[in-house]
Structures are given as structure tokens and as C-alpha cells.
Amino acid sequence: MQSADRPFQPPIATTLVGAGLLLALLMGAPDALGHDGNIRWRTLRSDVAEVHYPAPLAPFARRLLAAFGDAYATLTPLFDYQPPLPVQLVVEDYADDSNGFANPMPYDRLLIRAAPPGPGDDLADNGDWVRALIFHEYSHLLHLGSVGGLPEVLNTVIGRTWLPNNLLPRFFVEGLATHMETRHVGGDGAVANNGVGQGAGGRVEGARYMGRLRAAVRDGTFPEPRQLTGPPLKWPRGGGWYLYGSWLLDYQVRRYGHARLRRFVNAYGARLVPFAINNLYREIYGRDAVAMWHEGVADLSARLAVEARLRARAMVPPVAAKAVMNAAQLALPPIQTTLAPTPTTPPPIPKALPSPGRRLTTDGQSRGRLRMHPDGRHGVYARAPLDDLARIERLDLGSGRIDVLHRCELDCDDVVVSPDGKWLLWTATRPYRRLYRHRDIFARRLAPDRAWGPVLRLTQGLRGRELSISPDGGRLWVVTMGGGLTALASLPFADALARAQDGRPPPPAQVSARANGLAQVLSSPVEGPGRRLWYSAGAGPYRQLWSVPLDAAAKAAAPPSRVPDQGAQGVAEVSPDGR
């Protein structure tokens, strides 16, 4: 009988059952709500892997399965851990950022996003980006899954729950995988080094990473290990785990060999109580981790000093000019524009590097691509500070004054001002159909008195990036993506504005060129004078600049031509005066 002076307490069994049902509901909710129920899932199988993918991504899934087979054959012998087969891989296309994830608990599985990297991403222009992703993530499984001693016994009894290598500092974990993706390219011809030598592909000693390391040594900003054990507070922030971690692990392997690295992984994975990394370093390398770090910095500084002396004598070309590869050497078909590329001969390497110029910002925070304002006195860009919302800023090139033009809800990039100076345009990630996160184009009217108009969303689920506007203000150009492929597309600016203001659906984008295959990534479309489109096309570790006339009558007579260059990594832009 229920007492009058205390609340009713249900039996303990009822409480446990209710708690269990609630826990199951909460645990199942993300999976139930996190996927589009309209997707038709398919599976590809091999002896070593199963790839689960949405039906439209079949070509991407086939490429992924081939890349994983090569990664399995190449990387597995380098570790003492043999993952249970088949390894599970899932492909998804919900977001527009190129990435992958590895999780060894409670079983080995990989998640790969089918979004190609942009030209400013770390995965871009470092070999085949699909290969880089799968080699990197599979290295995580081999590293984090390595377990021995009492942890292995514990996992045998209660299931995989204790993997000590997961508790290593993030810069070590990501650095090891980035080192492996670079130095072990595999034997699959579609994902290997394209004939430019062992180690091509991957980020270690690529132009982007080496540029950052040079700057850190030159400016005296090279971090200490303790600054990377948690989330880094300085640029490149989370990218520092990959940059400095891969530099350290690559130095260790080059100096002391891979066998010691494997010994370290095995010993740490056998610890019931992890940490005390310096003690293990002393046991295996004869010095602690901090001393190893400083030893590596001294080695890097010496290498860069020699390089600087050679550059001063014009004996070393820029990194991107060390080798020039055209489309034929890369064994890639031309871009799908119904036109054939015309080969050209690169000009000689310049004997002197240009002046470093004048520094306009000094806080070192993340900024997007600088675009010129039509008045010629200002530049605009997106900024993502550590302690505030992302925002769009205008920089006075003369005085250095910075004004905030717009504060973004989430992220924003690709800032452009219309040629008449009346409209601010940018791209930003927004929810699309509840489950998706795609980049769309936004606009806001600028006014001299700062009474700016409301934000207009010009597209819905476009998946566009690298926005630009034609010199006459008539067309917006973007790189679109889907299924792992990129394309160049345009849409009428005035029509898009009118539709957004009236609440009507956006106009369809007109595709002008598509990449041929996953290895080819199109970037930075810019319309120049005379209705000529300029863009870059990356394949493997090299990126070339192209141009093509847009008029239908001219297309039959003038194919796309490659602009003479040295295989540079970069993007195109047209000056405000159109010259």
C-alpha cells in the first residue's frame, strides 16, 4: 500500500527496464535521425573489405575499394596488428568538406566523405586525394588497434574497450597517419606516384606543408610539444597536429627507421596504464620526446639554411617547379568540355624571387582568399577568429583599417563584391533538407550609410565554392561537386537576386565543364574580358591554369589552352581593371 508521507517508488526491476529502454532510445536516435531514409544503400565486397554506399556513388565506391585493397597490402605488413576481415567502409555525401574518419571500437570501420578537396585544403594537390584519405584512415586503424599485454586480455574477455594507443597526443596520432600516407604510396597505378618517385603524394614535404614549416622556423613561431598536446591555440590550429606531427614522425623514421616506430606502437599498446611517453621514448630512442623534438627542429633548420643559400644563388627552383607534368604524363583524359587541350612549353624558371611586399595583417588568424573591391582601395575576405563569430571584413589597403561588413551564422568564404560595388556576395554552409550541410551563395546589398539590406540566399543545395563574378556583373561562377567529382557552373546574377527577393526557387546552374575522374579537381573559375573563362585543374601533385572562350561560335575554333607556368599550386584571379 502506498504511504501518504512519501512518494511512490517503482520496483527496482521496473526502474532498470525503463532506464535501459531510455538508454537504447538515446543511443539509437543519432543513427535513426542521422541518415536519409530515401537512400538506397548498396555494398561492394572484396576479400579484405566491404564498402557500403548510396547507389549514385557506385563509381566512387569502386575507386575506394581498389584504393583500400592497395592500402591493405601496403600498410598491414608495417604493423603487427592484423585487423579482422572484412574491414567495414561507409561512404556518405552529407557535407561538402573532404574528410574521413577511423574508429577501431567496437570494431574496425572507416567513414569516407565523397566530397573532393578545394585548392586550399590540405588534401589538395598531394597526389590522388581518395588514396590519401584511405591510406591515412587505414593507418589509424593499424596504429590504434595495436594492443597487447593485459589490455589485450581485457579486450578478449569483455570486448574491445581499452586501446591505449588512442590516448597518445593527437599530434602523434595524426602525424603517424600523415607520414604513412606520404611515404608508402602503394602499387595501384591509379593511386600511386605517377612516375615522379617514391613518396610523391601525401602531405609531408609537399609545397603547402614545407611553406608553413619554413615560415615557422623563419619567424621563430615553431611550437613546443606541450602546445600541441591539447587543441592548438595558434594558427593553423587543429592543422598543427597534422603539420608538426607528420614532420616529427617523418624525421624519426628517416633518422631511426620504421622498426623503432613499430616497437613504440606495440609497447604503448601493451600498457594497462598509458602515458609516461618520455620514459618510453628514452627506452626506444635513447632520448625523451622533447629532446627528439628539438633534435628534429635543428635538423630542419639546417636543411632550410642550405636551401636558402642555394636559392640565393638561383640554384634551386621554387618547389612547385621542380617537375612539370602535363595531362599526358599524368595519364589523365582532358577535361570534358568537348574540346582538346593544347600543350604548351613552360617558360624558363626566373632567376630571382620577387620582393616579399608589405605585411597588412599581423594577428595570424585564419583568413580566406583576398578579393579586390571595385574601388581599388580595399580588399575583402572572410575571417574566422578564435574568440568570435566568423565574419566578412574589408581592409583599407592604404591605412590598414579593418571594417566588419557581415557577421556569419556558421562559416563563410569566397567573398566577392559586385563590379558596381552595390552587392556583397559569399558562400556559406547551411542545412539543406534537414540532414545535409551544403555550401550555398548569399548576397547582401551594401550602402554608404551602412544601412545594409537583409541577407538573401541565392541558391538551395548548390554545393558551390570558389565564387566569382563576371566583369559585367551578369554571371556568378562556382565550382560545384557531387559524387566525388567537380564541375564549373554559372548562374545569372540578376535573375538569382530577383528570385531570392520574391521567394521563388533559384535559377538552375549552367554547367560549362566537368572533371574527368576523381583524380582531377577543377578550381577557381574566373571570367575575364572578352567572355573568356580561366580556371585551374589539378591532377596528382600538380595544378595547371587553363582558359577557354565562352562564346558558342568560338568554342569550335578555339580549344582550351594551358597557360604557361611551372606546375604551380594556386588559384586564378582577374585584376579590377580587367587586364
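Okay, here's what the table says:
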| quantity | calculated |
| --- | --- |
| When residues of the range 446-473 are limited to those that are β-branched (Val, Ile, Thr) and in a loop (DSSP other than H, G, I, E, B), the one surrounded by the fewest Cβ atoms within 10 Å (Cβ to Cβ) | 455 |
| Options 475, 463; residue that is more than 30 Å from residue 92 (Cα to Cα) and of a type in the set (Lys, Arg) | 475 |
| Residues satisfying the stated conditions in the range 386-405, i.e. touching a Lys or Arg at 6+ places or on another chain (Cβ under 6 Å) and not aliphatic (A, V, I, L, M) | 391, 393, 403 |
| Residue within the range 38-46 that is under 22 Å from residue 181 (Cβ atoms) and either modelled with pLDDT of 95 or more or surrounded by fewer than 11 Cβ atoms within 10 Å (Cβ to Cβ) (or both) present | yes |
| Given (1) under 29 Å from residue 115 (Cα atoms); (2) in a loop (DSSP other than H, G, I, E, B); (3) among the acidic types (Asp, Glu), number of the condition residue 414 does not satisfy | (2) |
| Close pairs from the range 56-80: first open to solvent by 10 Å² or more (accessible area, probe 1.4 Å), partner at pLDDT below 95 and in a helix (DSSP H, G or I), Cβ under 6 Å, at least 6 apart | 63/130 |
| Top-ranked residue in the range 149-169 [being outside any helix (DSSP H, G or I) and of a type outside the set (Val, Ile, Thr); ranked as farthest from residue 228 (Cα to Cα)] | 159 |
| Residues that are within 25 Å of residue 308 (Cβ to Cβ), without any contact (Cβ under 8 Å) to a residue 12 or more places away in the chain and either of a type in the set (Phe, Trp, Tyr) or not in a helix (DSSP H, G or I) (or both), drawn from the range 211-255 | 220 |
| The range 292-313 residues that are closer than 30 Å to residue 279 by Cβ and polar (S, T, N, Q), paired with ones that are in a helix (DSSP H, G or I) and modelled with pLDDT of 85 or more (beta carbon under 6 Å, 6 or more apart) | 301/217 |
| Conditions (1) surrounded by 15 or more Cβ atoms within 10 Å (Cβ to Cβ); (2) assigned to a strand (DSSP E or B); number of the one not met by residue 518 | (2) |
| Residue match in the range 141-149 (condition: in contact (Cβ under 8 Å) with a residue 40 or more places away in the chain and surrounded by fewer than 19 Cβ atoms within 10 Å (Cβ to Cβ)) | yes |
| Enumeration of residues in the range 287-300 that are under 15 Å from residue 216 (Cβ atoms) and open to solvent by 40 Å² or more (accessible area, probe 1.4 Å) | 294, 298, 299 |
| Positions within the range 383-405 being within 25 Å of the chain's Cα centre (by Cα) and assigned to a strand (DSSP E or B), in sequence order | 383, 384, 391, 392, 393 |
| Residues (buried (at least 23 other Cβ atoms within 10 Å of the Cβ) and modelled with pLDDT of 90 or more) located in the range 177-202 | 177, 178, 179, 180, 181, 182 |
| Filter result (in a strand (DSSP E or B), open to solvent by 10 Å² or more (accessible area, probe 1.4 Å) and more than 23 Å from residue 519 (Cβ to Cβ)) within the range 474-492 | 475, 490, 492 |
| In the range 256-296, the residues that are among the aliphatic types (A, V, I, L, M) and either touching a Cys at 6+ places or on another chain (Cβ under 7 Å) or not in a loop (DSSP other than H, G, I, E, B) (or both) | 259, 261, 265, 267, 277, 280, 284, 289, 290, 291, 292 |
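The values are calculated or read from the model by the stated rules, or taken from the named source; none is laboratory data. Please read all numbers here as calculations on a predicted model, not as lab measurements. As a convention, Cβ positions derive from the backbone with ideal geometry for all residues, glycine included, and neighbour counts pool all protein chains shown. All accessible areas refer to the heavy atoms of the entire protein, side chains included, with ligands and DNA or RNA removed. Shrake-Rupley method; radii C 1.70, N 1.55, O 1.52, S 1.80 Å.
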